[in-house]
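Taking it in order: structure first as structure tokens, then the write-up.
The values are calculated or read from the model by the stated rules, or taken from the named source; none is laboratory data. Note that this is a predicted model, so its numbers are computed, not measured. Neighbour counts are summed over all protein chains in view; Cβ atoms, including those assigned to glycine, are modelled from backbone coordinates with ideal geometry. Heavy atoms of the whole protein, side chains included, go into the accessibility calculation; ligands, DNA and RNA do not. Shrake-Rupley method; radii C 1.70, N 1.55, O 1.52, S 1.80 Å.
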Amino acid sequence: PDTGFKGLGPRFRRKDLLKFSPKKSDSKALCFEFGRLDNEKTVSVEFSPNKVPFAQEKANRLGQLMGKVLGEVAAEDELKEFQDLWIEKVRDMLFERKAIDEWIRIRS
């Protein structure tokens, strides 16, 4: 809140619009609530990345490579392998929508 944009006069105010709440219906899910300012309607989103279907050996390899990539010690071929696995998982989620009802829930 201290760093939020206070706006230009009465317009473009962003201060205090982002709020966090510990309310969760699933302890392993990432939970978000989006609310409109004009009509106060809200929607809740629960994202469970651990439930996204992905072959276990690929998930394990992705985890191994992520440490190296984030630590900036991955070799060129490891970086490419990580990118390929990451894109495959994202493609499965966004385009194939594999088991989407298991890993994302939207409630209004």
Tell me, yes or no, whether segment 60-73 has at least one residue that is under 18 Å from LEU30 (Cβ atoms), among the small types (Gly, Ala, Ser) and open to solvent by less than 80 Å² (accessible area, probe 1.4 Å).
yes
Output yes when any residue across segment 86-106 is more than 28 Å from LYS24 (Cβ to Cβ), acidic (Asp, Glu) and not in a helix (DSSP H, G or I), and no when none is.
no
Just to be sure before I move on: is PHE34 aromatic (Phe, Trp, Tyr) and surrounded by 14 or more Cβ atoms within 10 Å (Cβ to Cβ) in the structure I sent?
no
Every residue in segment 84-107 that is free of Cβ contacts under 8 Å to residues at least 24 places away in the same chain and not hydrophobic (A, V, I, L, M, F, W, C), please.
ASP84, ARG91, GLU96, ARG97, ASP101
Residues within segment 37-61 that are closer than 25 Å to ILE100 by Cα and in a loop (DSSP other than H, G, I, E, B), tallied
6
Selected residue (only one of GLU78, GLU57, GLU40 is closer than 25 Å to MET93 by Cα, without any contact (Cβ under 8 Å) to a residue 24 or more places away in the chain and either polar (S, T, N, Q) or out of contact with any helix residue (DSSP H, G or I) (no Cβ under 9 Å at 6 or more places or on another chain) (or both))
GLU57
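Is it the case that segment 75-84 has a residue that's hydrophobic (A, V, I, L, M, F, W, C), open to solvent by less than 50 Å² (accessible area, probe 1.4 Å) and over 22 Å from PHE32 (Cα atoms)?
yes
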Which residues, counting only those in segment 88-105, are of a type in the set (A, V, I, L, M) and either open to solvent by less than 90 Å² (accessible area, probe 1.4 Å) or in contact with a strand residue (DSSP E or B) (Cβ under 7 Å, 6 or more places away or on another chain) (or both)?
VAL90, MET93, ALA99, ILE100, ILE104
Out of the residues in segment 1-24 meeting the condition of being out of contact with any strand residue (DSSP E or B) (no Cβ under 8 Å at 6 or more places or on another chain), of a type in the set (Lys, Arg) and surrounded by fewer than 10 Cβ atoms within 10 Å (Cβ to Cβ), tell me which one is modelled with the highest pLDDT.
ARG11
